[in-house]
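The values are calculated or read from the model by the stated rules, or taken from the named source; none is laboratory data. Keep in mind the model is a prediction, meaning the values are calculated, not measured. Cβ: placed from backbone, ideal geometry, glycine included. Neighbour counts: every protein chain shown. SASA here: full protein model, heavy atoms, side chains in, ligands and nucleic acids out. Shrake-Rupley method; radii C 1.70, N 1.55, O 1.52, S 1.80 Å.
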Amino acid sequence: MEKSIKIEYDYNEFELNCRYDKLLIITDENVNRYQFDEFVKVLNHEFIEVFIVKSGELSKTLAVYENIMAFCITVGITRKSAIIALGGGVVGDLAGFIAATYMRGIDLIQVPTTLLAQVDSSVGGKTGINIGNIKNIIGAFYQPKFTYINVNALKTLNESEFLSGMAEALKYSFIYDYEFLNYIIENSEGILLKNQDVLSYIINKCTSIKYEVVNKDEKENGLRKILNLGHTFGHGIERLCGLSHGFAVNIGTNMAFNLALDKGFIDAEYYQQFLYVSKLLNIPISIKYHNPEKILDLMKSDKKNSFGSINLVIPVGRGKVEVFDNIQESEILEVIKRCTNA
C-alpha cells in the first residue's frame with residue numbers, strides 16, 4: 001500500500017497528479033453548502049460532474065448506490081475518470097464503493113471534511129454500504145489514489161461532529177501509542193478550541209499509525225483488527241440509539257474497558273484515565289437504552305465475527321489491545337447493561 005496522504009491548511013495546494021477525462025464529485029448536502037465552492041475552484045478541470053446525497057448513514061444504501069451508478073453511466077464516466085469523495089465517513093464509504101465497483105474499478109480520491117474521516121475512515125481503503133441495521137455488510141477494500149486533508153475544513157463542524165471525531169482519534173492511544181494519550185490530555189484546551197497546529201499533529205499521528213497497521217495487514221486478517229476497538233459494541237449502539245459513530249464507539253470502548261477490568265487485563269488506574277480523558281473532551285461513555293439484548297443480537301451479526309463467535313478487541317495494557325473470540329455472551333451482556341443503565 002502506497003502512502004499518499006497530504007495534510008494542509010486549505011485547498012489551494014490540492015492538485016491532480018493524473019490526467020482524467022472527467023471528475024465525479026460525490027458529496028453531501030452539508031458539505032455542498034459550506035465547502036463545495038471553495039474546493040471546486042481549485043480543480044481547474046473542464047469536465048466536472050456532481051452528485052449530492054443526503055447527509056447521514058441513510059445514504060449508505062443499495063438504492064443510493066444504484067442511483068449513483070446510473071448517474072455515472074448517464075454522464076459518461078469512464079475508466080479514465082476519477083471519483084472524488086468530498087465529505088465525511090458516509091460519503092467516503094459510499095464513494096469508495098462506487099469507485100471500487102464501477103467498470104471494475106476507477107481512481108478514487110479522498111477529500112475528508114470531518115475529523116472522524118480525517119483521522120480514520122479516509123485512510124486504509126475500507127469502503128461499504130449498509131443493509132438495514134447491519135453496517136458496511138457490503139463493501140470492498142479499495143485504496144484511494146491519494147487522500148487530501150484540509151485541517152481548516154474542520155471549522156465548519158458543529159461541536160458534536162467535531163467531538164465525535166476526537167473519540168475516534170482517542171482510540172489510537174489505547175490500541176497503539178500510550179504516549180499519544182498524554183499529548184491529548186496536555187493539549188485538551190487546544191483541541192476544544194480547534195487549534196490548527198494541535199489538530200494537524202493529531203491527524204498526522206492517527207493517519208501514520210493507521211498507515212503502519214494497514215500496510216502490515218491490508219485485508220484485516222490479523223493486526224488490523226486492533227483498529228476495531230469499541231466498534232463491535234459501537235455499531236449496535238450507533239444503529240439502535242441514533243448516536244454518531246464516534247460517540248457510539250467511545251461507549252463501546254467503555255464496554256471493552258469494563259470487560260478488561262472484569263477479566264483483570266488492566267488495572268483500575270488505566271480505566272480511570274479512559275474515564276478522565278473522555279470527560280475532559282466531553283465524549284460520552286454511556287447511554288440509556290432499554291433493550292441491551294438487542295445490542296447483543298446486532299453484535300452477533302457483525303462482519304468481523306467468525307466460527308459463530310463474537311470477536312472483541314479488548315485492552316490488555318497501556319496502549320495495548322488483543323482480539324478475543326472466547327468471551328461468554330453473558331459477560332458481554334453484563335457490560336452492555338452496565339453502560340446502558342439497563
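Some points to look at:
- Scoring Lys194 on the criteria (1) modelled with pLDDT under 95; (2) open to solvent by 40 Å² or more (accessible area, probe 1.4 Å); (3) in a loop (DSSP other than H, G, I, E, B) leaves a single failure, condition (1).
- Among the candidates Leu62, Leu94, residue that is surrounded by 21 or more Cβ atoms within 10 Å (Cβ to Cβ), in contact (Cβ under 8 Å) with a residue 60 or more places away in the chain and not polar (S, T, N, Q): Leu94
- Residues in region 285-300 that are open to solvent by 40 Å² or more (accessible area, probe 1.4 Å) and under 17 Å from Leu229 (Cα atoms) were compared, and the one that is nearest to the chain's Cα centre (by Cα) is Ile285.
- If the condition is being among the hydrophobic types (A, V, I, L, M, F, W, C) and either modelled with pLDDT of 95 or more or in a strand (DSSP E or B) (or both), then region 300-321 contributes Leu312, Val313, Ile314, Val316, Val321.
- The set of residues in region 143-164 being crowded, with 17+ Cβ neighbours inside 10 Å and outside any loop (DSSP other than H, G, I, E, B) consists of Phe146, Thr147, Tyr148, Ile149, Asn150, Val151, Ala153, Leu154, Glu161, Phe162, Leu163, Ser164.
- In the set Ala167, Ala140, only one residue is surrounded by fewer than 22 Cβ atoms within 10 Å (Cβ to Cβ), in contact (Cβ under 8 Å) with a residue 40 or more places away in the chain and not charged (D, E, K, R); that residue is Ala140.
- Qualifying residue in region 82-105 (condition: at pLDDT 95 or above, among the polar types (S, T, N, Q) and not in a helix (DSSP H, G or I)): no
- Under the condition of being at pLDDT 90 or above and part of a loop (DSSP other than H, G, I, E, B), the residues counted in region 17-27 number 4.
- Qualifying residue in region 230-246 (condition: farther than 21 Å from Ser301 by Cβ and of a type in the set (Phe, Trp, Tyr)): no
- When region 65-89 is filtered for residues that are open to solvent by 30 Å² or more (accessible area, probe 1.4 Å) and under 27 Å from Asn150 (Cα atoms), the ones remaining, listed by number, are Tyr65, Lys80.
- Counting only residues that are at pLDDT below 95 and within 18 Å of Glu186 (Cα to Cα), region 266-299 holds 0 of them.
- In the set (1) closer than 15 Å to Thr340 by Cβ; (2) open to solvent by less than 40 Å² (accessible area, probe 1.4 Å), Phe274 fails one condition alone, (1).
- If you go through region 233-259 and pick out every residue that is out of contact with any Leu (no Cβ under 9 Å at 6 or more places or on another chain) and surrounded by fewer than 24 Cβ atoms within 10 Å (Cβ to Cβ), you end up with 5.
- Scanning region 197-219 for residues that are in contact with a strand residue (DSSP E or B) (Cβ under 8 Å, 6 or more places away or on another chain) and open to solvent by 10 Å² or more (accessible area, probe 1.4 Å), we see that the one that is modelled with the lowest pLDDT is Lys219.
- Checked against the criterion of being outside any helix (DSSP H, G or I), of a type in the set (S, T, N, Q) and open to solvent by less than 40 Å² (accessible area, probe 1.4 Å), region 322-339 contains not a single residue that satisfies it.
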